[in-house]
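One structure is given below, represented as C-alpha cells, and several questions about it will come after.
The values are calculated or read from the model by the stated rules, or taken from the named source; none is laboratory data. Small disclaimer: the values here were computed from a predicted structure and weren't measured. With ideal geometry, Cβ positions are generated from the backbone for all residues, glycine too; neighbour counts draw on all protein chains shown. Note: accessible area is taken over every heavy atom of the protein model, side chains too, but ligands, DNA and RNA are not part of it. Shrake-Rupley method; radii C 1.70, N 1.55, O 1.52, S 1.80 Å.
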Amino acid sequence: MNSEFNPADWQDDLPEAFCEPEKPKERNPLAVAPTNSSWTSSLEEQIEEITRRIEATGTDITATYADWLRLGFALVEALGEGGRSYFHRLSRFYSGYNAQEADTQYNNCLKARGHGVTPKSFFQLAKENGINISIKAPKPDKPLPSTDGNDGNAALMETPGPEQMPTFSQELYGHLPDLLEAVVRQANSDEDADVLLLGSIVSFSSCLPKIFGVYGGRQVFPNLFLFVTAPASAGKGRLSLCRRLVQPIHDQLRNTYKAEMDEYRIQKARYEHDKKKDYAAEPPEEPPLRMLIIPANSSATSVYQILSDNGGNALMFETEGDTLANVFASDYGNFSDGFRKAFHHEPISYTRRKDREFVELLRPRLSTVLSGTPRQISALIPDAENGLFSRFIFYYINFKLEWLDVFARIDGSTLDEIFDDIGWSFAHVYQDLEGMPEMEFQFTLDQQHAFNDYYTSLQAGLHSLFGDDIIASVRRLGLITFRIAMVLTALRCHDTGELGSTLLCDDEDFASSMAIARVLIKHTIRVYQELSSAELSKPAAEGTKRKEQFLASLPGMFTTQAFKELATRLHIPEPTAERYIGEWCKKGVLTRIKQGYYERNDKPTENPPKSPQQ
C-alpha cells in the first residue's frame, strides 16, 4: 500500500482513446447543494451488499498493492467519485490503513481512467478472499430526488416521503476526525452510522467547555440537543453506545468527588470534636457533587445544583424520551424553562432549600441525548410551536425489515469494548483541552458567505411553504450547524496538534457540518409535520378551538401570571399563550395597562366557559 502509484505507467500500452484523463469530481468544501443519497444503479446496490459482507467478516481484500490498485480502478469505473467511500470502507481492514494516503490513491485512480480494469474486478477480489458474492436480483427502489443549487424551497419540495428518510454518513466517510472515523467504522448501515455519529458529536459537545464561538453577536459553546426517533426495534437502541464515549470522564469526576467526600468527612469529624474547645473553628465546606451525566429523573433543583457544582456543564443521556417527559409533567421536576435557557446559555437562578441560598448559573452548558418512539416526542413536545422543538436535532430512523447477523464481531471485540477504548482516547483529548485557556472557534470568510447564502435561501423557501412556524427551527439549525462544526474542528485540531487561542474551521469540517445539516432539515420537517398533524387531530376543546376558549376564559383584567396559569389548565404551551396575548394586544382585543397587567377591550361573558379541569 505504500508504493507510489504513477498513472502514466498504466497508460503507455492503452489505445489513445482510453488515455484522455477525466477531471475528477472533487469534494467542494464550500458547496451547499445536497447530494443524492439514493442508489445510482443496481450495480451500486450490489457493491454495497458485498461491502457489508466484507465488513461483517473484517476481511482485508487489499493485502497486496496490486489488489489495492485493482480495487481503486474497479470502484472508479463503477461509481466514479461515488466509489471513494467504499474505497475507504474496504481499505481500513489493512493494518497500515491511512485515510489521507487512501484519498491520494483514489485521486490518482480517478485521474487514470481508461485503465482497462472493470467493475467485475471488485467482485473477483471479494470472491478470491472467501466472500460469497451471489446476490438476488434487487427490487428497484424509488430514487430520492436531489436538490438543485441552494434553493431552500426545492430542498423542501424534494423531501422524501415517510417511507424513506435520507442519510448523510456516506458523504462523510474518510473526511472525519480520527475519533469519529473510529466510531462510524462500527456501523452496520448508513443510518446506523448517522445515529452513532450524531450521538458521538452531541456527547462530545458536553466535554468541550474551553471552546466557544461567536454567533449572532453572542458567545456560544458546542452543546447540542439530540432526539433520535423510530418505531420500536428499529435500531435506535445502539445510540446507548455513545454514552460509553464519555463514561470515563464521568467516572473520573465521580472518583474525584468520592475522594473529596472522604476528606470532607475526616475534616467534619475533626471539627465536631474541636468546636467545643475552639469557638472560632470554621466548619469544613462540603465539596461540590462532581459528575458529567445527569439523570433525567431528577428534581429541577437537583439538576440546577449539579450544573452549578460542575461549572455549569453537564450531559443528560436517556434512551427513553418518556423519562424526561414525565419529569417535565411533574411539579417537582418541571425544569423545561431552564432546559430551554440552557440551550442558549441564558442565566438560570434558583434557591437552595437547604440553606436558603440564592444561586445563579450565568452560563449553563447542557447537552442532551434522547431516543424514543414518535409518540414519545409528542409527550415531551406537545406541538411544533413549543420552544423545545426548534432546539433539538431530530433524526428519524427508517424501519427496515431485515435481520442483521447478531454474532458478527470485529477482531474478537465487543462493541462495548470498542466504544470504551474510543472513550478512553477521548478522555485524553478532554484532559489536554482542560489544561488550555479558552479557544475561539471561527469560520473563514468564504465559509461565512457560503453559510449565509444557504440559510438565507433555505429560510425563504421553507417560509413560503410553512409560514412563520418553521422559521425558529431553520434559524436554530443554523446555530446547530455552527456547533457541529465546532466539535469537528476541536477534534481535528487535536489530531493535528494545531491547538491555539483561535480554532479556524477546516474546509473539510465545514463541508461535513453542512452535509449533516442538509439532511437534518428534512428529518426536522418530518417530525414537524407529524406533530402538526397530531395537533390538528385533537378534539376541538384541545386543538383548533383552544385559542378561542383561552380568550373567552380571560377575565376583564388579569396579570401575566394569571394568563399563564389559565394556559396551563387548558394545556396550552406557555410560549403559545404569550404569542396569543401579543397578537390580541396588536389587534386591540387587549390593552397592556403596564408591565405584566392587561385589560380586555370587549366585555367578557358573565360565565365564561370552564376549562377542562375546573
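Looking at Leu445, Leu465, which one is more than 18 Å from Gly217 (Cα to Cα) and open to solvent by 20 Å² or more (accessible area, probe 1.4 Å)?
Numbers: Leu445 fails: more than 18 Å from Gly217 (Cα to Cα).
Every option except Leu465 fails the conditions.
From (1) more than 17 Å from Ala187 (Cα to Cα); (2) in a helix (DSSP H, G or I), pick out the condition that doesn't hold for Tyr86.
It fails just one condition, (1).
Tally the residues that are open to solvent by 50 Å² or more (accessible area, probe 1.4 Å) and modelled with pLDDT of 80 or more, restricting the search to segment 376-413.
Looking only at that region, the number is 1.
Is there any pair linking a residue in segment 468-482 that is closer than 17 Å to Phe443 by Cβ to one that is surrounded by fewer than 19 Cβ atoms within 10 Å (Cβ to Cβ) and polar (S, T, N, Q), with Cβ under 8 Å and at least six apart or on different chains, and which?
Pairs that qualify, where the first residue is closer than 17 Å to Phe443 by Cβ and the partner is surrounded by fewer than 19 Cβ atoms within 10 Å (Cβ to Cβ) and polar (S, T, N, Q), are Arg475/Gln459.
In addition: What residue, of Val202, Val228, is β-branched (Val, Ile, Thr), under 30 Å from Gly58 (Cβ atoms) and at pLDDT below 95?
The conditions single out Val228.
Is it fair to say Thr481 is touching a strand residue (DSSP E or B) at 6+ places or on another chain (Cβ under 8 Å) and either open to solvent by 50 Å² or more (accessible area, probe 1.4 Å) or modelled with pLDDT of 95 or more (or both)?
No; evaluated as a whole, the condition is false for this residue.
Give segment 191-224 a look and list any residue that's surrounded by 24 or more Cβ atoms within 10 Å (Cβ to Cβ) and β-branched (Val, Ile, Thr), or say none.
Within segment 191-224, Val195, Ile201, Val202 qualify.
Within the group Ala269, Ala232, which residue is of a type in the set (A, V, I, L, M, F, W, C) and in a loop (DSSP other than H, G, I, E, B)?
Exactly one residue qualifies, and that residue is Ala232.
Can I ask one more? List every residue pair whose Cβ atoms sit under 8 Å apart, with the two residues 6 or more apart in sequence or on different chains, where the first one lies in segment 310-332 and is over 24 Å from Leu241 (Cβ atoms) and modelled with pLDDT of 85 or more and the second, anywhere, is open to solvent by 30 Å² or more (accessible area, probe 1.4 Å) and in a helix (DSSP H, G or I).
Matching pairs, first to second residue: none at all.
Could you tell me which of the residues Arg476, Arg483 is under 23 Å from the mean Cα position of the chain (by Cα) and over 30 Å from Gln252 (Cα atoms)?
Every option except Arg476 fails the conditions.
Considering only residues of segment 507-556 that are modelled with pLDDT of 80 or more and in a loop (DSSP other than H, G, I, E, B), which is nearest to the chain's Cα centre (by Cα)?
Leu554
Another one. For the subset of segment 356-375 comprising residues that are over 22 Å from Pro295 (Cβ atoms) and in contact (Cβ under 8 Å) with a residue 40 or more places away in the chain, which member is least open to solvent (accessible area, probe 1.4 Å)? Steps first, please.
So the first thing to find is which residues in segment 356-375 are over 22 Å from Pro295 (Cβ atoms), and the list is 356-358, 360, 362-363, 374-375.
From what's left, in contact (Cβ under 8 Å) with a residue 40 or more places away in the chain: 362-363, 374.
Values: Leu362: 113, Arg363: 97, Pro374: 39 Å².
Looking at the filtered set, the residue picked out is Pro374.
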